[in-house]
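Participant: Mind looking over this structure? Questions follow.
The values are calculated or read from the model by the stated rules, or taken from the named source; none is laboratory data. Note that the structure is predicted; figures quoted are calculated from it, not measured. Please note: Cβ atoms are built from the backbone with ideal geometry, for glycine as well, and neighbour counts cover all protein chains shown. Side chains included, ligands, DNA and RNA excluded: accessible areas come from the protein's heavy atoms. Shrake-Rupley method; radii C 1.70, N 1.55, O 1.52, S 1.80 Å.
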Amino acid sequence: MSSTEIPVFFWFRRDLRWEDNAALYAALSQHDGVQPVFIFDENILKALEDKDDARVTFIWDHVQKLKQSVASRGGTVWTWFGDPVAFWESMAVRFPRLIVYAGEDYEPGYPMVRDARVAKILKAAGGRLELVRDHVLVAPTECSKPDGTPYTVYTPFSKCWLSLLHEERLSSKPSENYLHRLATGLEGPEVRNLEEMGFVRSSIKVEAPRLDENMLATYDKTRNFPGHPHGVSRLSMHLRFGTISVRALARKARDLNLTFLKELGWREFFIHVLYHFPHTVNQEFRPEFQRLPWRHDEAAFEKWCAGHTGVPLVDAGMRELNATGYMHNRVRMVVASFLTKDLLIDWRWGERYFARKLLDFELASNVGNWQWAAGTGCDAAPYFRIFNPTLQQEKFDPEGVYVRRWVPEVHSSTYPRPMIDHHQARDRALEFFRSVQV
Ligand SMILES: Cc1cc2nc3c(=O)[nH]c(=O)nc-3n(C[C@H](O)[C@H](O)[C@H](O)COP(=O)(O)OP(=O)(O)OC[C@H]3O[C@@H](n4cnc5c(N)ncnc54)[C@H](O)[C@@H]3O)c2cc1C
């Protein structure tokens, strides 16, 4: 980029890849000398409790990989630690008329406010922020009911969503073919290590994304069994940070397994719901449930967090989460039901704990699924559908493979008795939810 050219930047966010990156493609197919940037956002990082947060290490490693893979062409990715608004303010002074490309972010609250502020700053400098749909197949504004209002129930949403998945929408945006148009040799900021930002390396390792066609082909039969070695994709973290393209994944799923494609639909359904109903981030979607007198029992909550409830499937799930930052979806449903229905503990406590621990933490999916499990969400399991953790284990981990992996002492005398009798807890939960019905 020389001073006579329009300065063009590409801002990596939820799309940490060179391939099939729609916003990067938009930038490179229209401009020469595009400078990529990644901002370690202090507003997000300072809220993280664990200094060895695995997500920060994951992002760090991926940004280093991005840099290394263009170094031979003389390109690089600028890295900066601080407030993105301040960063773009300073860039707008250095490069008037700058154009910044980035993937669109639909998360209400901080991300959307940040983008609006950056857009205003760039506009004032004679430039612009170009946001491009990338991390979803259908943006929340592109799918609505015939009367124009947003969907609140998954099945009709999914019909609309599937009907929009035509060839063009799923096709690759081949940004990787234009990398020769990246800027070379432009001096810029660099974060040298994790410690500079107050973090240390996590010991949790994350596997590279893998599009396993055998897994996809049988996904509908294997996805509910947490002990199955290849029953699910484990791609959620890669979808979260865009280290895999959702279009590439959807194309495979369309050809190999419609059930898997529909799971991607759940992801987008929750993004759609949070975008249109931002209050659900911490309030029950259904007003009558905002009156529920949740128990705030810290001792019981701690047992749940640590995986010491005496309920094998719940303990296995929580220990898997604590050790790896991942938990199988079937088990997430069981532990969430146990916390909110058996223990009557506020779903927000569980949601926050998951937010701290899950590598794939995604606000929309987390809040949406927690409200689903608690029975308080827009498209929730009805409150009287309460998971029996023992029956769930009999059905989905019949040989106890998963439970023994995480709770090896399950059959020994040291393993505690269940902290609550499920049948009594179920009756209490029904009473609890009925108490606020009109
Ligand atoms: C209480 C609770 C909290 C959750 N919190 C999150 C979260 O913070 N982030 C997150 O990505 N998922 C969340 N999920 C959804 C789901 O459990 C994970 O997406 C899934 O387990 C990730 O593993 P996988 O990639 O192997 O999934 P697979 O079974 O291989 O599914 C493929 C992809 O489909 C999507 N998907 C599947 N099920 C769901 C679902 N129920 N809701 C939304 N997307 C789905 C994910 O993107 C997933 O990667 C939560 C579920 C529950 C019950």
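Participant: Can you give the angle from 0 to 90° between the axis of helix 84-94 and the longest principal axis of the chain, with both taken from C-alpha atoms, to the nearest 10?
Facilitator: 0
Participant: Taking square-rooted eigenvalues a ≥ b ≥ c of the alpha carbon gyration tensor, is the stretch 1-133 rounded, prolate or oblate, where a/c under 1.5 means rounded and, failing that, a/b exceeding b/c means prolate?
Facilitator: It is oblate, given that a/c is not under 1.5 and a/b is not larger than b/c.
Participant: Let me ask you something else. Which angle between 0 and 90 degrees, to the nearest 10, do you get for helix 422-434 versus the longest principal axis of the chain when only C-alpha atoms count?
Facilitator: Helix 422-434 sits roughly 70 degrees off the main axis of the chain.
Participant: Sticking with this structure for a sec: Using the alpha-carbon atoms, what tilt in degrees (0 to 90, nearest 10) does helix 363-374 show relative to the longest principal axis of the chain?
Facilitator: 10
Participant: When a/c reaches 1.5 or more, the comparison of a/b and b/c decides; with that in mind, is the chain rounded, prolate or oblate per its Cα gyration tensor?
Facilitator: Verdict is prolate for the chain.
Participant: A follow-up question, please. For the chain, give the percent of accessible area contributed by carbon and sulfur heavy atoms, probe 1.4 Å, rounded to a whole number.
Facilitator: Exposed carbon and sulfur together represent 52 percent of the surface.
Participant: On to the next question. Structure shown: which of 46/205; 252/341; 262/357; 46/67; 67/205; 120/159 lie over 29 Å apart, alpha-carbon to alpha-carbon?
Facilitator: With Cα atoms farther than 29 Å apart: 252/341; 120/159.
Participant: Going 7 Å from the Cα of residue 47 in the Cα-to-Cβ direction, what parts of the stretch 318-356 have a backbone nitrogen less than 16 Å from that spot?
Facilitator: Residues 348-356 fall inside that zone.
Participant: With a point put 7 Å past each Cα toward its Cβ, work out how far residue 105 is from residue 395 in nm, to one decimal.
Facilitator: Using points 7 Å along Cα→Cβ, the separation is 3.9 nm.
Participant: Taking the simple approach of a point 7 Å from Cα along Cα-to-Cβ for both residue 155 and residue 71, what is their distance in nm?
Facilitator: Between residue 155 and residue 71, the label points sit 5.5 nm apart.
Participant: Using Cα-only point scatterers and the Debye equation, what is log10 of I(q)/I(0) for the stretch 67-196 at each q in 0.18, 0.21, 0.23 Å⁻¹, rounded to two decimals?
Facilitator: Calculated log10 I(q)/I(0) at the listed q: -1.18, -1.31, -1.39.
Participant: Could you work out the relative contact order of the stretch 280-432, using alpha carbon pairs under 8 angstrom and six or more residues apart, expressed as a whole percent?
Facilitator: Relative CO of the stretch 280-432 lands at 30 percent.
Participant: Sort the following peptides by mean Cβ neighbour count (other Cβ atoms within 10 Å, averaged over residues), highest first: 89-101, 368-380.
Facilitator: 368-380, 89-101
Participant: Another question, then. Note the full-extension length gain between residue 204 and residue 171 as 0.36 nm times their separation in residues minus their Cα-Cα distance, in nm to one decimal.
Facilitator: So the extension gain works out to 8.5 nm.
Participant: Taking the C-alpha atoms of the stretch 8-52, how large are the radius of gyration and the largest Cα-Cα span, Dmax, in Å?
Facilitator: In Å, with Rg to one decimal and Dmax whole: 13.7, 41.
Participant: Starting from the Cα gyration tensor of the stretch 280-432, take the square roots of the eigenvalues, sort them a ≥ b ≥ c, and report rounded, prolate or oblate (rounded when a/c is under 1.5, otherwise prolate if a/b is larger than b/c, else oblate).
Facilitator: Here the stretch 280-432 falls in the prolate category.
Participant: Here is a follow-up. What order do you get for 255-263, 35-43, 192-200 when each peptide is scored by the mean count of other beta carbon atoms within 10 Å, highest first?
Facilitator: My ranking of the peptides, most packed first, is 35-43, 255-263, 192-200.
Participant: Output the peptides 181-187, 344-350, 138-144, 128-134 sorted from most to least packed, where packing is the average of other Cβ atoms within 10 Å over each peptide's residues.
Facilitator: With the highest mean Cβ count within 10 Å placed first, the list reads 344-350, 128-134, 138-144, 181-187.
Participant: Given a 1.4 Å probe, how much area per residue of the chain is accessible, in Å²?
Facilitator: Value returned for the chain: 44 Å² of accessible area per residue.
Participant: May I ask for the net charge around residue 304, where only other residues with Cβ less than 11 Å from the Cβ of residue 304 are counted and Lys, Arg are +1 while Asp, Glu are -1?
Facilitator: Result for the local shell: -4.
Participant: When the helix-only estimate is applied to the chain (DSSP H runs of n ≥ 4, each -39,500 (n - 2.57), divided by the residue count), what is the mean residue ellipticity at 222 nm, nearest 500 deg cm²/dmol?
Facilitator: Helix contribution divided over all residues of the chain: -13500 deg cm²/dmol.
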